[in-house]
1. Can Cys179 be described as closer than 27 Å to Val127 by Cα, outside any strand (DSSP E or B) and in the same structural domain as Gln139 (by TED's automatic domain parsing)?
2. Considering only residues that are assigned to a loop (DSSP other than H, G, I, E, B) and not polar (S, T, N, Q), look in the stretch 1-40 and name the one that is surrounded by the fewest Cβ atoms within 10 Å (Cβ to Cβ).
3. Taking the criterion of being in contact with a strand residue (DSSP E or B) (Cβ under 6 Å, 6 or more places away or on another chain), modelled with pLDDT under 95 and not aromatic (Phe, Trp, Tyr), would at least one residue in the stretch 221-239 satisfy it?
4. Could you list all residues from the stretch 291-304 that are closer than 15 Å to Val338 by Cβ and either of a type in the set (Val, Ile, Thr) or surrounded by 22 or more Cβ atoms within 10 Å (Cβ to Cβ) (or both)?
5. Can you tell me which residues in the stretch 309-339 are among the polar types (S, T, N, Q) and on the phi < 0 side of the Ramachandran plot?
6. Scan the stretch 260-279 residue by residue and report those that are of a type in the set (Gly, Ala, Ser) and either part of a strand (DSSP E or B) or surrounded by 23 or more Cβ atoms within 10 Å (Cβ to Cβ) (or both).
7. Would you mind finding the one in Asn383, Asn379, Asn389 that is in contact with a helix residue (DSSP H, G or I) (Cβ under 9 Å, 6 or more places away or on another chain), in the same structural domain as Val298 (by TED's automatic domain parsing) and surrounded by fewer than 17 Cβ atoms within 10 Å (Cβ to Cβ)?
8. Is it the case that Ser288 is within 17 Å of Phe236 (Cβ to Cβ), surrounded by fewer than 19 Cβ atoms within 10 Å (Cβ to Cβ) and of a type in the set (Ser, Thr, Tyr)?
Amino acid sequence: MIDLCKIVREHNYNRLTRTQLVSLLHDYFPTQKREVNLAIIAYDSGIVERIIELDSISSMQLHTFSKQLIDEYGLQETYAVFSIEMWALAFGKSVDKDKVENKQQYIQQHISTSPKNLSFSPKGKIVLGSVSDYELLNQSNNTAIISKFRGFDESNMVIPNAINGKRIIGIGEEAFRNCSAITTLEITDGIEYIENGAFADCKNLKNVILPESIKRIGSIENSNKKWDINKRTGVFQYCTNLESIILPSIYIKEIRNSTFSGCNSLKKIELPEKITEIGSFAFSHCKSLNEIQIPDSVRVISMCAFNECINLTTVVIPEGVEEIDYHAFENCTKLSKVLIPRSVVKIGEDVFKKRYDYRGQLVTIYCYSGSYGLEYARNNKLNIQNANNFTL
């Protein structure tokens, strides 16, 4: 690599014309024609001026600069990066290139080997995606969301966090709906939200690896928006083979409407410790779900949240929950024991109704003297036991 520091140090770079710079390069490095040509290309592209303005070259900026050189000058990626590094070194700028991987390299190294060993997507990794595979909706500060996937879905699918020089922060509504080839999905670090129906009807999806950067799963509801029967509201709705997913607990405050509705193979899920609401139909028709631990932070269990979870047998409603909306546990045919704390002050209609229970077995409500739970159980003619006698 030629030492461009000599020219920058010994000459006033800002006052050099292109002709003067080219002449100096040939004078200083007469036998290193390839490096000289690469330095001139980077200069002509305008990238050198942008390097001067930066404190350091991030992996994202390196990708942007190198892509420009590849697209505009036909350079191979190795030479594009090399030319940027030469000029960065000349101006004392560090280059972070170790964390940049293309999508296929990332899959081979991290996903195809042992996907189930990953709890969350590794922090700090930049995984590059091809602009030909994605439609982007640009946001502020050089960020974008993936509005539509246009590529071929793969068994091991990694959602990139950098495309065409843009930092990906979100995945749009129904962006990957009906991608039936996906079995293992990883959403990479830095992506902050996933909109409604993004992965709905991915029938063969079994395992999902999320980043800890995720702040929201599901769209912010718009009360003025007309309901469309053809749209999926749940991010993973009707992913009928989904078996496992760990939800990061740093930011997520709500399990939104229909998120896992119709996920027939989901047996167990660990809910984030900070959530305050379990949305309508959130786990409806999760027919393999046999255990659910509701965090103490939850205040509302919305309508039909666990409707038709036919393998649930015992539910502990933690102290702090105030409302259980109507049909929340309707037709959970094996449900036999429910502990209701003193904090519950509202329970909707038919919360524990079993429409198709051939055994006719009623739920036993474990509750406290003087509580609303006791009043509800009596009014609905359910079996009643003292909560102090409750055992799992």
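The values are calculated or read from the model by the stated rules, or taken from the named source; none is laboratory data. Every value quoted in this text rests on a predicted model; they were computed, and no experiment measured them. Quick reminder, even Gly has a Cβ in these numbers, built from the backbone with ideal geometry, and neighbours come from all protein chains shown.
1. So Cys179 passes the test.
2. Going through the stretch 1-40, the residues assigned to a loop (DSSP other than H, G, I, E, B) turn out to be 1-4, 11-12, 16-17, 29-32.
Subsequent filtering for residues that are not polar (S, T, N, Q) retains 1-4, 11, 16, 29-30.
Working: Met1: 12, Ile2: 18, Asp3: 14, Leu4: 25, His11: 13, Leu16: 16, Phe29: 17, Pro30: 9.
Per the criteria, the residue is Pro30.
3. From the stretch 221-239, those in contact with a strand residue (DSSP E or B) (Cβ under 6 Å, 6 or more places away or on another chain) are 235; that's our starting set.
Then drop every residue that is not modelled with pLDDT under 95, which leaves none.
So far as the stretch 221-239 goes, no, none of its residues is in contact with a strand residue (DSSP E or B) (Cβ under 6 Å, 6 or more places away or on another chain), modelled with pLDDT under 95 and not aromatic (Phe, Trp, Tyr).
4. Going through the stretch 291-304, the residues closer than 15 Å to Val338 by Cβ turn out to be 291-294, 298, 301.
Hits for the stretch 291-304 are Ile292, Ile294, Val298, Ile301.
5. Narrowing the stretch 309-339 to residues among the polar types (S, T, N, Q): 311, 313-314, 331, 333, 336.
Residues satisfying the conditions are Asn311, Thr313, Thr314, Thr333, Ser336.
6. Keep residues of the stretch 260-279 that are of a type in the set (Gly, Ala, Ser), which gives 261-262, 265, 279.
Once the filter is applied, which keeps residues that are of a type in the set (Gly, Ala, Ser) and either part of a strand (DSSP E or B) or surrounded by 23 or more Cβ atoms within 10 Å (Cβ to Cβ) (or both), the stretch 260-279 yields Ser261, Gly262, Gly279.
7. On the way: Asn379 fails: in contact with a helix residue (DSSP H, G or I) (Cβ under 9 Å, 6 or more places away or on another chain); Asn389 fails: in contact with a helix residue (DSSP H, G or I) (Cβ under 9 Å, 6 or more places away or on another chain).
Just a single option satisfies the conditions, and that option is Asn383.
8. Working: within 17 Å of Phe236 (Cβ to Cβ): yes; surrounded by fewer than 19 Cβ atoms within 10 Å (Cβ to Cβ): yes; of a type in the set (Ser, Thr, Tyr): yes.
In short, yes.
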